[in-house]
Amino acid sequence: AQSSDIRPWRGAGAWPTVAQVLDAEAWPGVEIVLSHAAVDGFVVDALLAYAGPRPVQGLVVAATGAGTLHQALEEALHRAQDRGVRVLLSSRCPWGELARADVWTLPGVALPPVKARLALMLSLMAQVGA
């Protein structure tokens, strides 16, 4: 998969209501996946196969400093996206600036993985309530 094939983040234009945020059952399944040397798509594929009470609706990728991804992980993320899972890229480095700011990112915002996970969860909650 080429970087140009990655569908861009369709960010959070609206936010969930207070009632949605307070309802613990409304929180969507969003997991953090780590990109590292020799990573493959196993973790992503396993998360997609999970059939529990809160299936994966979003994945946040904790990428290397500039937001680079291993090719095998990127291919797995495309498979996830093809199944309707939202993907959001972040840097695991404290002052990491994403070089790929046009794809799988929040425009103009550099969030660490945990904060990116919350942003994605809130965005998904807002879609349900819309």
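The values are calculated or read from the model by the stated rules, or taken from the named source; none is laboratory data. Because the structure is a prediction, the values reported are computed rather than measured. Reconstructed Cβ throughout: ideal geometry from the backbone, glycine too, with neighbour counts over all protein chains shown. Keep in mind that these areas ignore ligands, DNA and RNA; they rest on the heavy atoms of the full protein, side chains included. Shrake-Rupley method; radii C 1.70, N 1.55, O 1.52, S 1.80 Å.
Suppose we filter region 80-108 for residues that are charged (D, E, K, R) and modelled with pLDDT under 75; how many remain?
3
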Suppose the filter is open to solvent by less than 60 Å² (accessible area, probe 1.4 Å), over 12 Å from the mean Cα position of the chain (by Cα) and either at pLDDT 90 or above or at negative phi (or both); does Leu73 pass it? yes
Does region 19-59 hold any residues that are more than 16 Å from the chain's Cα centre (by Cα), part of a loop (DSSP other than H, G, I, E, B) and either of a type in the set (A, V, I, L, M, F, W, C) or at pLDDT 95 or above (or both), and which are they? Ala37, Ala38, Val39, Ala51
More than 23 Å from Leu22 (Cα to Cα) and either free of Cβ contacts under 8 Å to residues at least 40 places away in the same chain or surrounded by fewer than 20 Cβ atoms within 10 Å (Cβ to Cβ) (or both): does that describe Pro55? no
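State which residue is surrounded by the most Cβ atoms within 10 Å (Cβ to Cβ) when the search covers only region 30-52 and only residues that are of a type in the set (Val, Ile, Thr) and under 24 Å from Leu122 (Cα atoms).
Val44
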Go through (1) touching a Phe, Trp or Tyr at 6+ places or on another chain (Cβ under 9 Å); (2) surrounded by 16 or more Cβ atoms within 10 Å (Cβ to Cβ); (3) without any contact (Cβ under 8 Å) to a residue 60 or more places away in the chain for Gly65 and report which single condition fails. (2)
